[in-house]
Amino acid sequence: MSDLPPPEEELPPTGTGADAIDAGQARDQLETAAKVVFLSALAYTAANPDDEEADEDSHLARKALLLAYLMWKLRPKFSSSKPQEEEVLEQEEWVENAAHDIVKIAHADAREHAGTLFKRMKAENPDVSDATVKAAVRIDSAWAEAAARSTATRLAAETALDMQPDVEAFTGEPHHVMWISRGDPKVRALHRTLHGRVRPPGTPFHKWPDGQELRYPGDPKAPIDAWINCRCGLLLVPAKDAKDAEDIFHVPDADFDVPLVSSGATQAMKDLRAEKLRGYTRTM
């Protein structure tokens, strides 16, 4: 009889689904692509100020289609549960529908942001020609960068929300959404408290006494200071694991440094806050 100890019991494999790192990397890819879409929308708006909708053959539409395809490919990485073997949806139809929605969001945001920037530049220099101002709107300035980041964050968050029924069909499990911040000193105080929190889809992450809600990162209906230049994202987690996920991803407030606001976002924050306060009417 051998004196060797019995072999250890074989454990089931772990980590079969996506985790926060996978979701974070997927979110970064989506945000980068979404930023390109927004800047394309900004350029289209400057060149075609009277168009209510973007041309289906435009550069913007092509970039939106690429973003939608990327959304399709990254869908499994937004779930922390193991996907089933078979695909459920037809890729072509899903991508086309998503691209159409992306163009509508990006074009509407670009028209609003370009109108704000146009109005401020004319106020600062009344003699400048409209053509010069429109050309300046095309430039990827610090202002455009901050505006693009805000819209890209919203597009990435809405992407995750839109993926929820598909992920559920893909995995066979109901899912909730988790708020994930970047975990660095730039994360604002409210978002530090939301990091790692899980909510059923359709339930706001934060509600103010006046009834305003923050439904997801980049939510344009929330107060301006809650979404401008936001870099957070969402991860889909199985509903049955929601409590465990919150415990695992909770970060004590003391682990965040004093939140900072990048200088590149300062002017955009001023513009968009003023826009909210005066009930801005689009002029472009």
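Every read-out reported here was derived from the displayed coordinates using simple, explicitly stated rules and does not represent laboratory data. A quick note: this is a predicted structure, and the numbers were derived from the prediction, not measured. Glycine gets a Cβ as well: all are built from the backbone with ideal geometry, and neighbour counts include every protein chain shown.
Under 5 Å between amide hydrogens, built in the peptide plane, is the criterion, and for V251 it picks out nothing among residues at least 5 positions away or on other chains. The ranking of T193, T159 by Cβ neighbour count inside 10 Å, starting from the fewest, reads T193, T159. With Cα atoms defining each centre, segment 45-69 and segment 180-195 are spaced 33 Å apart in the structure.
Per-residue Cβ neighbour counts within 10 Å put W72, W227, W208 in the sequence W208, W72, W227, beginning with the fewest.
What's the exposure ranking of L30, L70, L190, going from fewest to most Cβ atoms within 10 Å? Write down the numbers at each step before the final one.
On the way: L30 24, L70 19, L190 15.
Listing L30, L70, L190 from fewest to most nearby Cβ atoms yields L190, L70, L30.
Semi-axes of the equivalent ellipsoid of segment 87-130 are 40, 7, 5 Å, computed as sqrt(5λ) over the eigenvalues of the C-alpha gyration tensor in descending order. Exceedance of the 26 Å cut-off in Cα-Cα distance is limited, within the set K35/K119; K186/K221; K77/K243; K63/K243, to K63/K243. How large is log10 I(q)/I(0) at q = 0.17, 0.19, 0.20 Å⁻¹ when the Debye formula is applied to the Cα atoms of segment 103-225, each weighted equally and without solvent? For segment 103-225 at q = 0.17, 0.19, 0.20 Å⁻¹, log10 I(q)/I(0) is -0.98, -1.11, -1.17. Each Lys and Arg contributes +1 and each Asp and Glu -1, all at the Cβ; summed about the Cα centre of segment 210-256, the dipole is approximately 260 debye.
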